[in-house]
There are 4 protein chains.
Amino acid sequence: MRVAYAMNSKSEIGICVIGAGRAGLIHAHHFRKNVPFARLVAVVDPSQEAAEKAIHELEINRYYTDYTQALDDQDIDAVVVVTPTIYHKEIVVAAARAGKHVLCEKPMAMNEQECDEMIAACESAGVTLQMAFMRRFDDSFIEAKRQIDSGAIGEVVLVKSLTRGPSKPMPWMYDLKKSNGPLAEVNSHDIDTLRWFAESEISEVYATGGNFRNREIRHEYPDFYDSVALTAKFSDGKQGSIDGALYVQYGYDSRVEVVGTEGVIFLGQTHEKSIVVAGRDHQLKRPFMNSWRSLFKEAYLAEDTDFIASILEGRNPRVTGYDGKMAVKVVEAGNRSIGSGSVVKLD
Amino acid sequence: MRVAYAMNSKSEIGICVIGAGRAGLIHAHHFRKNVPFARLVAVVDPSQEAAEKAIHELEINRYYTDYTQALDDQDIDAVVVVTPTIYHKEIVVAAARAGKHVLCEKPMAMNEQECDEMIAACESAGVTLQMAFMRRFDDSFIEAKRQIDSGAIGEVVLVKSLTRGPSKPMPWMYDLKKSNGPLAEVNSHDIDTLRWFAESEISEVYATGGNFRNREIRHEYPDFYDSVALTAKFSDGKQGSIDGALYVQYGYDSRVEVVGTEGVIFLGQTHEKSIVVAGRDHQLKRPFMNSWRSLFKEAYLAEDTDFIASILEGRNPRVTGYDGKMAVKVVEAGNRSIGSGSVVKLD
Amino acid sequence: MRVAYAMNSKSEIGICVIGAGRAGLIHAHHFRKNVPFARLVAVVDPSQEAAEKAIHELEINRYYTDYTQALDDQDIDAVVVVTPTIYHKEIVVAAARAGKHVLCEKPMAMNEQECDEMIAACESAGVTLQMAFMRRFDDSFIEAKRQIDSGAIGEVVLVKSLTRGPSKPMPWMYDLKKSNGPLAEVNSHDIDTLRWFAESEISEVYATGGNFRNREIRHEYPDFYDSVALTAKFSDGKQGSIDGALYVQYGYDSRVEVVGTEGVIFLGQTHEKSIVVAGRDHQLKRPFMNSWRSLFKEAYLAEDTDFIASILEGRNPRVTGYDGKMAVKVVEAGNRSIGSGSVVKLD
Amino acid sequence: MRVAYAMNSKSEIGICVIGAGRAGLIHAHHFRKNVPFARLVAVVDPSQEAAEKAIHELEINRYYTDYTQALDDQDIDAVVVVTPTIYHKEIVVAAARAGKHVLCEKPMAMNEQECDEMIAACESAGVTLQMAFMRRFDDSFIEAKRQIDSGAIGEVVLVKSLTRGPSKPMPWMYDLKKSNGPLAEVNSHDIDTLRWFAESEISEVYATGGNFRNREIRHEYPDFYDSVALTAKFSDGKQGSIDGALYVQYGYDSRVEVVGTEGVIFLGQTHEKSIVVAGRDHQLKRPFMNSWRSLFKEAYLAEDTDFIASILEGRNPRVTGYDGKMAVKVVEAGNRSIGSGSVVKLD
C-alpha cells in the first residue's frame, strides 16, 4: 500500500496548521517530518511574529496571518485547527467549504449547535473531519480497549478518568463563556475515553466545581472552577466518573480505571523518567510526569499519521465529528449541573 | 503508664464479643492475646454451635447464646458488637444501660435516629462508645492524615475513596431494608475517610447504583445495586468521590486519593505479596490483594488496643458515635439519591 | 490435630530465650502470646538489668543470668539462642546435652567445625536443631519457591540476593574475628536463599569487600568491610550473586531476583507504608522500608510456630543445622576471597 | 546557534549508514528526518537486496554494496558503522583515512589492539570517533548521573547493571571468536555504565558463564555461554556487578542500581505500556518491556543528534573511542575469567 501511495505524487497531502501555539507546533513538526504522505505547506497565526518564528523553526517558507487566505491556497489539502475553541466553528465550516480536510483540536466547539454546523459543512463538502482526541491513538489506551473488547474484565461497569494539569490557567480560561472551563479544556479527553470504553452515550451527569487554587480571581470570575468532580450515567446503565483540575502544581496527572464485572484495568503513568532515588531521608523519590507533551508524545504522531491515512484510504477517521459533539454535550451538561447544583439529563 | 495499669488489677478490661462470625473472631483473637490490659471473657452468638466453636478456638470457657445474659455478667466491662447491623441499636442501647463500654462495628445502625438513641444511651450511662472504623488506626492512613495536616499537599480539595470486595454478597445483603446496600456495607469506611481527611461534613450527594454482577436476583430485589458511584459536596465546598462494588472477583481493592491545592496523596496497596513473576507470556504478574483481613490486619489490633486505652485513660475514643452517625446519614442520602435519581441535601 | 495437642497438656513446649536483645525479644513476645502450644518460661541474659526489664515487658516471672542454670530448669523444653555468634557453639552443645530443643539464630557459628559439633551434639541428644532463617517462612519467599518449583520460570539459572542495613554497625562487628563481617551478619540470609532456590550447593565464590561508610575505624580494623559483592558458582553450574552492606542509611533493603531459562521472579518490597505523596517539587515520595522488623514481622512468627510444630510432630525442622553450616562455609569462603583477592573453592 | 548553522549550507553533514540491519535502519531513519543539520546520503550493505529495500523504505536514492565506494563519495561527511563487530576495525580505519567522521556501534572491536588502531587512525585524520553507547543519551541515565554528581547518594560504592535479551541468539553469536559472547553483545552497555557512573576504571574482574538456554549447540560451541555473572573491582576500590543473558524469553530487561554511601538509585523500567489488568485470576498483569527499541527509542535519536552537534561544534563526542576500548578490555578480561575460572586483572 505504501508503494502505491509513493507512486502517485498526488497522494501527498498538503497540510496547513492554523494556530502556531504550543500544541499547533507539535502537529506542525510531525507533519513536517514524520507523517508519511504528508507535506507541511504553511502555518497560520494572526500574530505575524508568531507565524514567522514558527516557519523559521519548522524550516518551511509559507505562512498566513489570515486563515481565509490559506483556504485559497491550492497546495493545501487539509488543515489542522489549533486555535482557541471560540474560533473552531467558523474556521472548520470555512475550511470545509473550501474543500479542505479537517483535523480539529478539542474541544470541538463552544456548544452542540456549532458542532452540528461543522459536521454538516464537512459532510456537504465531502471532506474528512477528524477530532483530535489523541488518547485514542495512544498504545496503552489502545491496548486497554483491546483488553476490554477481549472480555478480560468481563463487561464494563464503571469507567473513571481524570486529568489534572500543573500550570496556572491562562487568563482567557477564567471566562467560562470563552473557555467552557476545565471540563472543556482538560476533561474533554476524559469524556471521550468514557464514551469509547463504555461504548454507550452519557445520559445524565452531576458535577460539582470550585475555585480552590486561583482565589485571586474569584470576584472577577465567580463562575470559574479549577477543580471538578463529575458522576455520569450511561444510557445503558453503566457508570462514569471524572475529575479534573487546573494548576495542581505537583505534575501532569492523567489516569483511567475501568471496572468490569470480573476485573479491572489501570491505565496511566505518573512518573516521568525511569529513575528512583533514595537517600538519607528514607524516601523513595521519583519525578512526577511533567506534561501531556511527554505522556502523549507518540500518540500525537500516531493521530496525525492516521489522519493522513484515513484521507488517502477514503475511510472514516477513527475519531469523528460526532465524537467531538458528544463530548461538547457532556461539557455543557456538566457546566449546567455545576451552576444549578442539580442532575442534568442529556437528551 | 503501663506500670501503673499493671499495678491495679481492676484496670484489666473484661471483654465480650457479640457475634462470632469472621470479623467477630478477628476482634476476639486480638483481645484474647494481643491487646494490653484486656481480658477476653466470653463470646455471644445465637447459634450455640458457632459459639462453642469460637470458644474452643479461642481457648476460653464462657459463651452465651443470649446477649442479655452477657450484659448481666459482672466480669464483662465492655462489649464488641459484631452482629448484623439491624441488631446494633438494640444491643448497644442495652449494653450502655448495663454499664458496658461499647466498640460497635460499622455501619453503626440502619438510620440516623437509631444512631441518636445509641449515642444518647451511652452518654447517659457514661460509657465509651467507639465506632470500628479501623482504617483510622492503619499506619498508612495515619501517615496520610499527618501529611495532610502538615500541609504537604496544601489545602485539601478533593478526597476520593473506593472499596470493592471480591466475594459474592451474602443473601441478606440483597434486601436493602436489612443491609442498606453496598454504600453501608462496604463504603461506610470510605465515607468516614472522606470526613476525616476533609475535616468537614458532607452536605450534598449524588449517587448512581446498578446491579451488574448479581443479575439473577434482579427480579426479587430490584433495588439492589452491587456497584455505586457517588459525588459529594462538603459544607465548606470541598469535593468528594466514592465508588463501591461487591463481587468484583479480581480481589479486594481499597484505595484513597487526596488532591490538595499543591499536591496529591495516593493511599492503598493492590498487591498481596511482594513477589512479581514474568514468564514466556511477557507479562509481569503480581497477586492481587485478597482480602481486607490481609490489608487491615494491623489496623484491627491497633483499633482494639486503642479502645481499651481510651477506657483506661478516661478519654474520648478516636472514632466516636458521632462519626458513626454521620456515615449513616451519608449512606441514607446516597441510597435516596440512587432511588430518586436526584441530588440529596443533608440537613 | 490442634484438638489432639490441646488434650495433652504435656504437649505444650516450655521455651527459654537466651539473649534478651532486640531479636531475642521478638521471639520472646511471639512465644509468650502467639505461638500455639508454646509457653514462654524464662529469658536468659548476662545483664541482670536487661533480663529484669525483659521479663517485666513480657509479663513473665523467671529469668537467669547464667544460661547453664536455665538448662537445668525442667520446665524448659527448648531454647532459642539469640546471643552473639561467638557463644552459639558452646550454648547449643550444652543445650543439646541437657536435652533441650534448639532454635538457633543466624549465623550458626563462627566456622564450619563449630557447626559440625553443634549438629553432632543435637543428633546424639535426639533434639531438634532449627536454624532461624526466617525468610524461609515469609509468605512471599514461600510463594517464590512454589513458583520456581511449578516451572513458572523454567529452570533456575541465576539467583541474586541482596541485604543492606541502614544502621551504623555495632562496635563488635568491626572485628571480623568476632563477627565474620557483613557476609555473616547480613548476608547469611542471602546465602541461604541462594541454596534454597537453586537447590544446589555453592562450590566456588569470589568476593570483593571495602569499607566505605565507616572510614574512621579503618586504621584500627583494616580488614573490616561494610560493602561486599560476591559471585558464586553452584556445583551444578547455576550462578549466584550477592551484595551486602551495613550503614547504607537510606533504609533496610532486601531483595531477591531469580532468573530462569524462561522467566524471572522479583521478590522484595522497598517501601514501608502504602502511601505516596507528591507536592510542588514534582516528586512522588514514598517512605523506604525502615527495618527487617517491619519486613519480616510475620515471618518470625511463622518460624517460631513451625519450630514448635516440628517438635510436636516429631519431624525435621524446615531449616536444619546442615543449612546453617553450609551458609557458614560460604561466609568463610567469601571472607577468604576478600582477603586473598582470589576465587575460593569450597570442598 | 541553529540560525548560524542554517545559514551555512556546508554545515549540513552528509551521512552514510554502513550496515542495513535493524539497528542500522534505526540510525538511518533518524538521520533521514529528525537529526538537525544532518542529511542521509546513502546506505551500504553487502546484500544488494537489503540495500535496495532500505533506500526504498528511507525514500533516498543512493546505496552501495561495497563500503569503500561510499568512502569515495564526496557527499558523505560521516559514516555510521553498524556492521558485525569483526568488520569494525577495517571499516573505521578506512573511513578515518578517507576523512569521514565515525559513529561506531558497540562493541567497538574484537580486541584492545583493534581499538587502538581505530583510535589512532581517527586521531591522525582529525575526524570525530564516537562510540554508540546510547544509554549515555537516555534521559533517565542522564538524570541518574546528575543525581550522582549532585551527591544525592553520597559517594558511589557499588554499580550494578544488567541486560537480558528475549530473543534466540543469531547463529553467528555462538562462535565466541566472532561475537565475543554476550559480555560483548549485550553487556558492553553495562560495562560502559559502570565506568561512567563510577568514574573509575575496572581493574579486576571475575565472571562465570554457562549455556542454559541453547543446549542444543553445546557440543558444537562448548565455549558459548548465554548467561553470565560478573563481579568487578575498580582501581579506586569501588565495586561493580553485571549480569547478562540471551534468550531469556520473558522480555527485554535492562536495569541499573547505584549504591552510594548514603543512598541508592534505581534505574530502568520493566513494563512496556502504562496498563495493568487484573481479572478473575486475582493477578495484576502488566506487559513486560519488549525490546531495547522501545526502551531506548529516544536515546538513539539524542545520540545521533549529539554526534552531528559535536562535529559541527568541533568538540569531543560525549562517548569516545577510549570509552569503547575500555569496554572491550573488560569484555576480554571477563571472557578470560570465564575460561580460566580465575580472577583476571586488567593492566
State all residues of segment A:273-316 that are aliphatic (A, V, I, L, M), within 30 Å of C:N290 (Cβ to Cβ) and at pLDDT 95 or above; if no residue qualifies, say none.
A:I275, A:V276, A:V277, A:A278, A:L284
Restricting attention to segment C:208-218, report how many residues are touching a Lys or Arg at 6+ places or on another chain (Cβ under 9 Å) and buried (at least 23 other Cβ atoms within 10 Å of the Cβ).
2
Residue, nearest to the other protein chains (Cβ to nearest Cβ), within segment B:252-280, restricted to residues that are without any contact (Cβ under 8 Å) to a residue 60 or more places away in the chain and hydroxyl-bearing (S, T, Y)
B:S274
Output for segment B:233-251, where each listed residue is out of contact with any helix residue (DSSP H, G or I) (no Cβ under 7 Å at 6 or more places or on another chain), away from chain D (no Cβ under 14 Å) and on the phi < 0 side of the Ramachandran plot
B:K233, B:S235, B:D236, B:Q239, B:S241, B:D243
Tally of residues being farther than 30 Å from C:Y247 by Cβ and touching a Gly at 6+ places or on another chain (Cβ under 8 Å) across segment D:260-284
7
Give the number of residues within segment B:120-152 that are surrounded by fewer than 20 Cβ atoms within 10 Å (Cβ to Cβ), hydrophobic (A, V, I, L, M, F, W, C) and more than 14 Å from chain C (Cβ to nearest Cβ).
2
I'm told D:I242 meets every condition in (1) among the β-branched types (V, I, T); (2) touching an Asp or Glu at 6+ places or on another chain (Cβ under 6 Å); (3) over 22 Å from C:L162 (Cα atoms) except one. Can you identify the failing condition by its number?
(3)
If I filter segment A:250-258 for residues that are surrounded by fewer than 21 Cβ atoms within 10 Å (Cβ to Cβ), basic (K, R) and part of a strand (DSSP E or B), do I get at least one hit?
yes
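Do we have any residue at all in segment A:281-303 that's within 10 Å of another protein chain (Cβ to nearest Cβ), without any contact (Cβ under 8 Å) to a residue 12 or more places away in the chain, within 18 Å of the chain's Cα centre (by Cα) and part of a helix (DSSP H, G or I)?
Yes; the residues of segment A:281-303 include at least one that is within 10 Å of another protein chain (Cβ to nearest Cβ), without any contact (Cβ under 8 Å) to a residue 12 or more places away in the chain, within 18 Å of the chain's Cα centre (by Cα) and part of a helix (DSSP H, G or I).
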Would you mind finding the one in B:E216, B:E199, B:E220, B:E185 that is at positive phi, more than 12 Å from chain A (Cβ to nearest Cβ) and charged (D, E, K, R)?
B:E199
Would you be able to tell me the number of residues in segment D:32-49 that are out of contact with any strand residue (DSSP E or B) (no Cβ under 6 Å at 6 or more places or on another chain), surrounded by fewer than 18 Cβ atoms within 10 Å (Cβ to Cβ) and free of Cβ contacts under 8 Å to residues at least 60 places away in the same chain?
5
How many residues does segment A:310-343 contain that are in contact (Cβ under 8 Å) with a residue 60 or more places away in the chain and assigned to a helix (DSSP H, G or I)?
21
Pick from segment B:311-327, criterion within 14 Å of B:P107 (Cβ to Cβ) and touching a strand residue (DSSP E or B) at 6+ places or on another chain (Cβ under 6 Å), ranking: surrounded by the fewest Cβ atoms within 10 Å (Cβ to Cβ)
B:D323
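For every residue, the table says whether it meets (1) surrounded by 21 or more Cβ atoms within 10 Å (Cβ to Cβ); (2) more than 16 Å from A:S274 (Cα to Cα).
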site	(1), (2)
D:T270	yes, no
D:F288	yes, no
D:W292	yes, no
D:L295	yes, no
D:D304	yes, yes
D:F307	yes, yes
D:K329	no, yes
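Every residue in segment B:7-19 that is at pLDDT below 95 and either hydrophobic (A, V, I, L, M, F, W, C) or surrounded by fewer than 16 Cβ atoms within 10 Å (Cβ to Cβ) (or both), please.
The answer is B:M7, B:N8, B:S9, B:K10, B:S11.
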Scanning segment B:224-270 residue by residue, the ones that are out of contact with any strand residue (DSSP E or B) (no Cβ under 8 Å at 6 or more places or on another chain) and within 26 Å of B:K329 (Cα to Cα) total 3
So B:K238 fits all but one of (1) more than 27 Å from A:V258 (Cβ to Cβ); (2) surrounded by 18 or more Cβ atoms within 10 Å (Cβ to Cβ); what number is the exception?
(1)
Please go through segment A:162-206 and pick out each residue that is surrounded by fewer than 20 Cβ atoms within 10 Å (Cβ to Cβ) and among the basic types (K, R).
A:K168, A:K177, A:K178
Out of the strands (runs of 3 or more DSSP E) lying entirely within segment A:6-124, which hold 3 or more residues that are under 27 Å from A:I191 (Cβ atoms)?
A:78-81, A:101-104
Filter result (in contact with an Asp or Glu (Cβ under 9 Å, 6 or more places away or on another chain) and surrounded by 18 or more Cβ atoms within 10 Å (Cβ to Cβ)) within segment D:332-345:
D:E332, D:A333, D:N335, D:I338, D:V343, D:V344
Inside segment D:152-201, can you point out the residues that are without any contact (Cβ under 8 Å) to a residue 40 or more places away in the chain and not in a helix (DSSP H, G or I)?
D:M170, D:S200
Filter result (within 17 Å of the chain's Cα centre (by Cα) and among the aromatic types (F, W, Y)) within segment A:141-189:
A:F141
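The values are calculated or read from the model by the stated rules, or taken from the named source; none is laboratory data. Just so it is clear, the structure is predicted and the values come from calculations on it, not from any experiment. All Cβ positions, even for glycine, are placed from backbone atoms using ideal geometry, and neighbour counts span all protein chains on display.
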